[in-house]
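The values are calculated or read from the model by the stated rules, or taken from the named source; none is laboratory data. Being a predicted model, the structure only gives us computed values, none of them experimental. All Cβ positions, glycine included, derive from the backbone under ideal geometry; neighbour counts span all protein chains shown. Accessible surface areas use protein heavy atoms only, side chains included; no ligands, DNA or RNA. Shrake-Rupley method; radii C 1.70, N 1.55, O 1.52, S 1.80 Å.
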Amino acid sequence: MTKYEKQIYDIVNASHEHMTADQVYGKLQKIYPAVSRATVYNNLNKLCDMRMIRRVSLENLPDRYDRIEKHDHLVCQRCGKLSDICFDDLTQSLRTQFGDNFLFYDLKVYYICPDCRKEQSSELTLDHTGSPVNL
């Protein structure tokens with residue numbers, strides 16, 4: 001493992017923030033100021049291919065990188081916030097259904113996070129009849 005691979009692996013595994021490639025680049029650049037963005041992207045891809053870290057893809061948002069440890073994600077439909085959560089493991093149930101064709105699963109549950117729900121409720125106003133209107 002190269003020094004960059006090792007450091008990127010450590011950065012991703014130490015974080016619970018689901019960092020983007022640019023965020024990983026920013027942290028790595030503090031350690032290795034001459035590192036290029038391409039080096040970060042190439043090593044992130046390599047670490048994902050080796051299944052040492054995982055890529056979390058969300059529609060219309062940059063990919064994020066996460067530790068490989070088994071866990072699931074909550075995704076806020078409104079702001080895109082990504083949070084860790086542990087649901088009951090579905091591995092055995094999926095193996096029963098799919099047999100040897102089953103490799104792994106990545107569960108993302110979409111919801112509205114507490115911050116967005118709070119913000120949304122403060123945006124409610126009343127119309128001319130006194131009924132709530134969502135702006």
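Couple of notes before you dig in:
- Contacts under 7 angstrom Cβ, first residue in the stretch 1-15 being closer than 10 Å to Leu28 by Cα, partner open to solvent by 50 Å² or more (accessible area, probe 1.4 Å) and of a type in the set (Lys, Arg), 6 or more apart: Ile11/Lys27
Rundown of residues vs (1) within 12 Å of Tyr4 (Cα to Cα); (2) open to solvent by 60 Å² or more (accessible area, probe 1.4 Å), yes/no style:
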{"residue": "Ala34", "(1), (2)": "yes, yes"}
{"residue": "Asn42", "(1), (2)": "yes, yes"}
{"residue": "Asp49", "(1), (2)": "no, yes"}
{"residue": "Ser57", "(1), (2)": "no, no"}
{"residue": "Asn60", "(1), (2)": "no, yes"}
{"residue": "Asp66", "(1), (2)": "no, no"}
{"residue": "Glu69", "(1), (2)": "no, yes"}
{"residue": "His73", "(1), (2)": "no, no"}
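- Residue list for the stretch 37-70, filter: closer than 23 Å to Leu103 by Cα and among the aromatic types (Phe, Trp, Tyr): Tyr65
- The stretch 65-94: number of residues that are part of a loop (DSSP other than H, G, I, E, B), among the hydrophobic types (A, V, I, L, M, F, W, C) and over 19 Å from Thr20 (Cβ atoms): 3
- Hits in the stretch 95-111 (condition: surrounded by fewer than 12 Cβ atoms within 10 Å (Cβ to Cβ) and in a helix (DSSP H, G or I)): Thr96, Gln97, Phe98, Gly99, Asp100, Asn101
- Qualifying residue in the stretch 87-94 (condition: in contact with a Leu (Cβ under 9 Å, 6 or more places away or on another chain), open to solvent by less than 20 Å² (accessible area, probe 1.4 Å), among the aromatic types (Phe, Trp, Tyr) and in contact (Cβ under 8 Å) with a residue 12 or more places away in the chain): no
- Among (1) modelled with pLDDT of 90 or more; (2) part of a strand (DSSP E or B); (3) more than 22 Å from the chain's Cα centre (by Cα), the one test that Val133 misses: (1)
- Any hit, the stretch 45-57, residues being acidic (Asp, Glu) and either closer than 20 Å to Ala14 by Cα or assigned to a helix (DSSP H, G or I) (or both): yes
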